[in-house]
């Protein structure tokens, strides 16, 4: 392997996204798993309750399996589509850069870290529930920001914004939403199912895991800004 950190990003194959997806078996398997489990759960609300992330039940009933299962069910078709479309755009590229083993660690490590933060915040609330792959996908998105901090992402598919600015906005927006929950957000709605802490925990874990799994990513990140400054 080349000693230059630029090797990490300059040799990513520029192929159509669908073809890239077919060359990324882990991303494809996770996409299909999320779609299959979530769509089935839409027909059986009891399954949604059984698989969701419920910190109080984890603490009192030792239902630790929820740390993983909650990432495969979603609150609605819109919630599912948003997460899976995001993962479709970012997953194959990161899997190509990191490799299968490291990508698996990134995805599930981010999910576990996201749920750990949610657990710490809500372990005493018997009414709290959350679902979705947002924590894991936040980790993937922020890993992308380590490798490509200045590449434009398109907010709402139209507004270009550098990845690093998107990342900070994403974190601060989630922190604000967490504050809104603590100030007494409406309960009993679909919003109850979405864990804003998971976005923050997943994002932080995504950056940390990317650096641990591929230390040269730090040089890639810094080199991007050196090039910007000339």
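The values are calculated or read from the model by the stated rules, or taken from the named source; none is laboratory data. Model, not experiment: these values are computed from the prediction. Cβ: placed from backbone, ideal geometry, glycine included. Neighbour counts: every protein chain shown.
A quick yes/no check of all residues on (1) outside any loop (DSSP other than H, G, I, E, B); (2) surrounded by 12 or more Cβ atoms within 10 Å (Cβ to Cβ); (3) modelled with pLDDT under 75; (4) in contact with a helix residue (DSSP H, G or I) (Cβ under 8 Å, 6 or more places away or on another chain):
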{"site": "174", "(1), (2), (3), (4)": "yes, yes, yes, yes"}
{"site": "178", "(1), (2), (3), (4)": "yes, yes, yes, yes"}
{"site": "188", "(1), (2), (3), (4)": "no, no, yes, no"}
{"site": "198", "(1), (2), (3), (4)": "yes, yes, no, yes"}
{"site": "205", "(1), (2), (3), (4)": "yes, yes, no, yes"}
{"site": "211", "(1), (2), (3), (4)": "yes, yes, no, yes"}
{"site": "215", "(1), (2), (3), (4)": "no, no, no, no"}
{"site": "221", "(1), (2), (3), (4)": "yes, yes, no, yes"}
{"site": "224", "(1), (2), (3), (4)": "yes, yes, no, no"}
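Residue 49 - would you say it is out of contact with any strand residue (DSSP E or B) (no Cβ under 7 Å at 6 or more places or on another chain), within 19 Å of residue 113 (Cβ to Cβ) and assigned to a helix (DSSP H, G or I)? It is false that residue 49 is out of contact with any strand residue (DSSP E or B) (no Cβ under 7 Å at 6 or more places or on another chain), within 19 Å of residue 113 (Cβ to Cβ) and assigned to a helix (DSSP H, G or I). Looking across the stretch 67-82, the residues that are touching a residue at least 40 places away in the same chain (Cβ under 8 Å), farther than 18 Å from residue 141 by Cβ and in a helix (DSSP H, G or I) come down to 67, 68, 70, 72.
Yes/no matrix, rows are residues, columns are (1) over 26 Å from residue 219 (Cα atoms); (2) assigned to a helix (DSSP H, G or I); (3) at pLDDT below 95:
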| residue | (1), (2), (3) |
| --- | --- |
| 84 | yes, yes, yes |
| 94 | no, yes, yes |
| 117 | yes, yes, yes |
| 120 | yes, yes, yes |
| 132 | yes, no, yes |
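Any residue at all in the stretch 153-160 that's outside any helix (DSSP H, G or I), modelled with pLDDT of 90 or more and touching a helix residue (DSSP H, G or I) at 6+ places or on another chain (Cβ under 6 Å)? So far as the stretch 153-160 goes, no, none of its residues is outside any helix (DSSP H, G or I), modelled with pLDDT of 90 or more and touching a helix residue (DSSP H, G or I) at 6+ places or on another chain (Cβ under 6 Å).
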